[in-house]
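Below is one structure, written out as structure tokens, with a few remarks after it.
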């Protein structure tokens, strides 16, 4: 009897008798629909408007506070499409879905590209300077025209890295790597 009940339960759940989840990710809802998010916007605007009343409407301080109010409204408008928790704070979703790539994946890839660009440019400068007559001097006193040339040449660092990887220039040979005697 217990096996029959378990089988019926499994079949019912398998056929979709369970209610579908209503949230996009883990109970999060769009920020524009969250009352706590709207309350945060109202609190921010109200606090700036309270400060605004202390100043003459035509003063520079009043203009600065009006700018803060406008920027706060714009900031909250940008976050309305993101997903918020019950406290009204936006969350970054990094589950790999294309609809959430703007949350983390695009900025993450841009960071990796820029970090690689900077590293490749520095590597290129050091390797070029190493061939000069006084390499130590060029590391202390930077040759600006050469550094700019290396920096511009580093824009295509992924292609250069692939080229050097294929040619074997990027990776050191096994026999040139020292091994600890221990």
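List of remarks:
- Each of 112, 52 was scored by other Cβ atoms within 10 Å of its Cβ. Arranged with the fewest first, they read 112, 52.
- Förster radius 22 Å - calculated FRET efficiency between residue 109 and residue 74 (Cβ-Cβ, nearest 0.05): 0.30
- Residues 70, 103, 56 arranged by fewest to most Cβ contacts within 10 Å: 56, 70, 103
- Residues 111, 37, 151, ranked from the fewest to the most other C-beta atoms within 10 Å, line up as 111, 151, 37.
- Using only Cα coordinates, the Kirkwood hydrodynamic radius of the range 105-169 works out to 12.8 Å.
- For the chain, averaging the sequence separation of C-alpha pairs within contact (under 8 Å, six or more residues apart) and dividing by the residue count gives a relative contact order of 16 percent.
- Theoretical gain in end-to-end length, residue 126 to residue 177 [0.36 nm per residue, Cα-Cα removed]: 16.3 nm
- Listed candidates [x] -0.73, -1.23; [y] -0.95, -1.17; [z] -0.85, -1.12 - label of the one calculated as log10 I(q)/I(0) by the Debye sum over Cα atoms at q = 0.14, 0.18 Å⁻¹: [y]
- The label point for residue 99 and the one for residue 54, both projected 7 Å from the Cα toward the Cβ, are 4.4 nm apart.
- Distance between the 7 Å Cα→Cβ label points at residue 61 and residue 36: 3.5 nm.
- Degrees, to the nearest 10: 60-79 long Cα axis against longest axis of the chain: 80 degrees
- Estimated from helical segments only, the mean residue ellipticity of the chain at 222 nm is -18500 deg cm²/dmol, where each DSSP H run of four or more residues counts as -39500 (n - 2.57).
Bear in mind that the values in this text are calculations on the coordinates, not laboratory data. Given the structure is predicted, the values throughout are model-derived calculations rather than measurements. Neighbour counts are summed over all protein chains in view; Cβ atoms, including those assigned to glycine, are modelled from backbone coordinates with ideal geometry.
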